[in-house]
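Below: one structure, written as structure tokens.
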Amino acid sequence: MLDTFQNIFKIPELKKRVLFALGMLAVYRIGCHIPTPGIDGQALAHFFKQAQGTLLGMFDMFSGGALEKLTVFALGIMPYISSSIIFQLLTVVVPAIDKLSKEGEAGRKKIVQYTRYGTIVLSVVQAMGISIGLESMRGPAGELVVPSPGWGFRLMTIITLTAGTAFIMWLGEQMSEKGIGNGISLIIFAGIVCRIPSAIGTSIRLLSVGQLSLFVLLFVLLVMFAVIAVIVFVERAQRRMPIHYAKRVVGLKTYGAQTSHLPLKINMSGVIPPIFASSIIMFPATIANFINVPWVQRAAKSLSPGNWAYEIFYVAFIVFFCYFYTAVTFNPIDVAENIKKHGGYIPGIRPGKETSEYLDKVLTKLTFVGAIYISAVCVLPSLLIGKFNLPFYFGGTALLIAVGVGMDTVAQIESHLITRSYEGFMKGVRIRGRR
């Protein structure tokens, strides 16, 4: 393993990409500690101690702890993800946007530009709700979280938080272009992983004072390792569709019959469904947490992790986005046409329409299994861990994102190493990414 890491720095391009990604993540983590002006940090910290295990605690996990301290990156990358969801849904229902998506690179850049504008609009709305909510919050001794409330504070907060989200969005795009892996996913990954040392320290402290039993801690660790093992197994699993190619003549060359396969993953949508589902549930519930109205507070509490209303909505959104994202990224009609064009066929299935219908049927079954798997991984550990009242939120969603993004990043590094005849991380094993 040590030799493998040394090989990374023997390839100039790979070394540059890895160091660039690490540098951008360092900038992101520094920004997570720069506070927004006009906030009483101690009073705000007391409020968030009471929010552990709630939806605010989950939102704080995605922002890497920035929301708890209300730093310039408090909104995190979730407005960008919400905007991406909106425009992916509009691609299906709005013909003009669907036409743009089919115009190649130029159309894709236009949609990305619209997504950025949507991110700014959502950031302004969320920042406005947070600034108004903060003005009504009080600390343990009744002191105001915002010592000088008013439109001056609100405008400053809106500008600061919106600029922070725009900067994170730019960091993610730069990392995707010049670094390793998907920049947005890596930012979420960093926000999750950075909470591990704090969670370990808190668990050890509670264990030492007797507030957390050793049996409960070992059980939680066992659940986490079991979930990680299941994630790794399923994310690497494939349904290999056999493809036969008949003998064909191209110019003066004759190519003999060949047999290949079309790999169909059980979870083709990766970590996108839980991220999208979390974003949709978090947006209204986060705003509601800062509005001091009794019925709004009750509604927000019912949409907290561990409650049945939250889990039902969460699973429903996960299943929807599993099918939606798979339909966006894999078109059975196009795949069937490409197979037919190259003289291939699936044994027992006629080329063309019957092949596309067969692929669609198989994909529907695989997506159903993948949706059940993602829902179970994201919901069951959270329900189990919530019963023990742990002082941190680190459920199946965080594990799925962390392991999935880690596998994708390792797979990209592997591809750089193998193409240049260097030894990879796994001797004799090819690590496959989720896409």
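The values are calculated or read from the model by the stated rules, or taken from the named source; none is laboratory data. Keep in mind that this is a model prediction, so the values were computed, not measured. Quick reminder, even Gly has a Cβ in these numbers, built from the backbone with ideal geometry, and neighbours come from all protein chains shown.
Taken over the range 20-44, the criterion of being touching a residue at least 60 places away in the same chain (Cβ under 8 Å), more than 11 Å from Ala74 (Cβ to Cβ), in a helix (DSSP H, G or I) and not basic (Lys, Arg) is satisfied by Phe20, Ala21, Met24, Leu25, Val27, Tyr28, Gln42, Ala43. Restricting the range 26-53 to residues that are within 19 Å of the chain's Cα centre (by Cα) and surrounded by 21 or more Cβ atoms within 10 Å (Cβ to Cβ), the residue that is modelled with the highest pLDDT is Tyr28.
Return yes when Ala327 is small (Gly, Ala, Ser), without any contact (Cβ under 8 Å) to a residue 24 or more places away in the chain, out of contact with any Gly (no Cβ under 8 Å at 6 or more places or on another chain) and under 13 Å from Met268 (Cβ atoms) and no when it is not. Yes, satisfied.
A count restricted to the range 218-237 and to residues that are within 14 Å of Ile401 (Cα to Cα) and either of a type in the set (Val, Ile, Thr) or at pLDDT 85 or above (or both) stands at 7. Number of residues in the range 145-157 that are buried (at least 19 other Cβ atoms within 10 Å of the Cβ) and either under 17 Å from Lys69 (Cβ atoms) or at pLDDT 90 or above (or both) equals 4. Keeping to the range 128-166, report how many residues are in contact with an Asp or Glu (Cβ under 9 Å, 6 or more places away or on another chain), part of a loop (DSSP other than H, G, I, E, B) and hydrophobic (A, V, I, L, M, F, W, C). Of the residues in that region, 2 qualify. Of all the listed residues (Gly433, Gly343, Gly404, Gly386), the sole one being modelled with pLDDT of 80 or more and either loosely packed, with under 14 Cβ neighbours inside 10 Å or out of contact with any Ser or Thr (no Cβ under 7 Å at 6 or more places or on another chain) (or both) is Gly404. Of the candidates Met224, Met241, Met169, Met175, the single residue that is surrounded by 14 or more Cβ atoms within 10 Å (Cβ to Cβ), assigned to a strand (DSSP E or B) and touching a helix residue (DSSP H, G or I) at 6+ places or on another chain (Cβ under 9 Å) is Met241. The residue that is surrounded by the most Cβ atoms within 10 Å (Cβ to Cβ), among those in the range 193-221 that are part of a loop (DSSP other than H, G, I, E, B) and among the hydrophobic types (A, V, I, L, M, F, W, C), is Leu212. Screening the candidates Thr91, Thr119 for the property of being in contact (Cβ under 8 Å) with a residue 12 or more places away in the chain, assigned to a helix (DSSP H, G or I) and touching an Asp or Glu at 6+ places or on another chain (Cβ under 6 Å) yields one hit, Thr91.
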